[in-house]
1. Would you please name the residue that is surrounded by the most Cβ atoms within 10 Å (Cβ to Cβ), looking only at residues in segment 47-79 that are β-branched (Val, Ile, Thr) and closer than 15 Å to Tyr185 by Cβ?
2. When you scan segment 67-89, do you find a residue that is in a helix (DSSP H, G or I), among the polar types (S, T, N, Q) and either farther than 24 Å from Phe156 by Cα or in the same structural domain as Trp139 (by TED's automatic domain parsing) (or both), even just one?
3. Which number in (1) of a type in the set (A, V, I, L, M, F, W, C); (2) surrounded by fewer than 18 Cβ atoms within 10 Å (Cβ to Cβ); (3) within 26 Å of the chain's Cα centre (by Cα) marks the one condition that Ile84 misses?
4. Ile220 is checked against (1) outside the structural domain of Phe304 (by TED's automatic domain parsing); (2) at pLDDT 90 or above; (3) buried (at least 22 other Cβ atoms within 10 Å of the Cβ) and fails just one. What number does that condition carry?
5. Restricting to segment 200-219, give me the number of residues that are within 26 Å of the chain's Cα centre (by Cα) and either of a type in the set (A, V, I, L, M) or not in a helix (DSSP H, G or I) (or both).
6. Could you check, for segment 378-392, whether at least one of its residues is of a type outside the set (Phe, Trp, Tyr), in a loop (DSSP other than H, G, I, E, B) and surrounded by fewer than 18 Cβ atoms within 10 Å (Cβ to Cβ)?
7. Kindly evaluate Phe104 against the criterion of being out of contact with any strand residue (DSSP E or B) (no Cβ under 9 Å at 6 or more places or on another chain), under 30 Å from Leu74 (Cβ atoms) and assigned to a helix (DSSP H, G or I).
8. Might you let me know whether segment 401-417 holds any residue that is buried (at least 18 other Cβ atoms within 10 Å of the Cβ) and not in a helix (DSSP H, G or I)?
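The values are calculated or read from the model by the stated rules, or taken from the named source; none is laboratory data. Worth saying up front: this structure is predicted, and the values here are computed from it rather than measured. All Cβ positions, glycine included, derive from the backbone under ideal geometry; neighbour counts span all protein chains shown.
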Amino acid sequence: MNFNSITFSYFFAFIALVSFFLGFSLDEVSMGAGGFDGDFKFVKKSINLFNENSLFESIKLFSETSNRPPLIYLIHKYLNPFFINELGFRRTIFIISLAIPTLFYFCLKEKFPEVDNKILVLFSSIIFFNPFIRTSSYWGLEENYAIITTLASILFFLKLSKINNYETNYKLIFLLTLFSSLTIYFDQKFLIIPLIFFLNIIFGKFLFQSKAFTIFCYSIFSIPFIFLIILWGGVFPSNIYHVGEQFYFHHLGYALTIIAFIFFPFIFLKSENIKEQLIDFIKEKKILLILLSIILFYLIILFFFYDDAFINNHLDGGGIVKKISLTFFEDIFLRKLFIFFSIFFSCFFIFFFLDKSFLNFFLTLYFLLFSTIVKPFYQEYFDPIIFLLLIFIYKIDFKISLRRVYFLYFYFLFFLVGTNIYYN
């Protein structure tokens, strides 16, 4: 790596950092829930609730202001001197959120120790462009705490996986189970995180002592949430998101487009020759025929048995492809045509990208099934969780180089610019 490439790597990483601070100072809104009139008004209600009531009463009444566990408000009530100060609270969350790129860098360092440090610094700065992380950082939302504990869990798991002969390390297992359990206490949709690590240890090559200690730790850490379930009568304090009330068949297609959008830039990081891999994929005519039949059957059902209410709804989520359709196509037929073609190609791209790995299909299937039981259905349910899992958990061999990281950098920068234009 020459001097110029090193200089530009640090320069672009610095630009990403500056953009993160600039976004906070400008009260940026880069996703639908941002802003003083968005989710932050519910954050203020939660702050007032915990400030004016006892601990137990606050937890009991939490359903009036949020649909997530109350852990962050408990932490801030007793540890944050700026808890009841609106700007002070937002600044606190913003500073805490700086742990995300830091932990992301250490995870990359653990996963790709052979890659030049300057490249990893640039790679880790890409997380600054994620509109969902930015919005949570600026407006005091809960998601970033779950992302921080997710990255900490990944870091401990990567270290645990490198131990020779999978010897039992009680300290690492304790930290892994603790932080992965905390992800659910910050945001229930991160259930996939402790599930992944639990299954990896239980069905992996770890010793019996490691497996037994893992089961013990997860059992202990689940007790407080069992109390919350009894108190609320369910996994959520309220049912704002209508989780599990019915099966939303049409969400599957939009989930495919969201996942394909996140996957797409990583196709250029795969070690294999993409052209040769694509030729081999096309030669598998039997698999392609089955896949074609399934996706065409799905699109026919959407076309004939579902109305245009979701396609025309600006407020009910649907992800980037739906947002593009609303922006560029006023005619409903063209809008549906664009969405259906996007679903069609997304399905084939995802199947091609996953490399016939059972783990890859299992993880992707989890998110697809999750999309069918939630309403409204937002892209934030998948991003940045899939982004992180793709890098650290999916069984895909990535080749990290400066040129490829630059592609990722500008891909997600343009995404951020697009979301800012759309929401502003």
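1. This residue is Ile72.
2. no
3. (3)
4. Unmet condition: (3).
5. Total satisfying the criteria: 5.
6. Within segment 378-392, none of the residues are of a type outside the set (Phe, Trp, Tyr), in a loop (DSSP other than H, G, I, E, B) and surrounded by fewer than 18 Cβ atoms within 10 Å (Cβ to Cβ).
7. For Phe104, the condition - out of contact with any strand residue (DSSP E or B) (no Cβ under 9 Å at 6 or more places or on another chain), under 30 Å from Leu74 (Cβ atoms) and assigned to a helix (DSSP H, G or I) - is met.
8. Among the residues of segment 401-417, not one is buried (at least 18 other Cβ atoms within 10 Å of the Cβ) and not in a helix (DSSP H, G or I), which makes the answer no.
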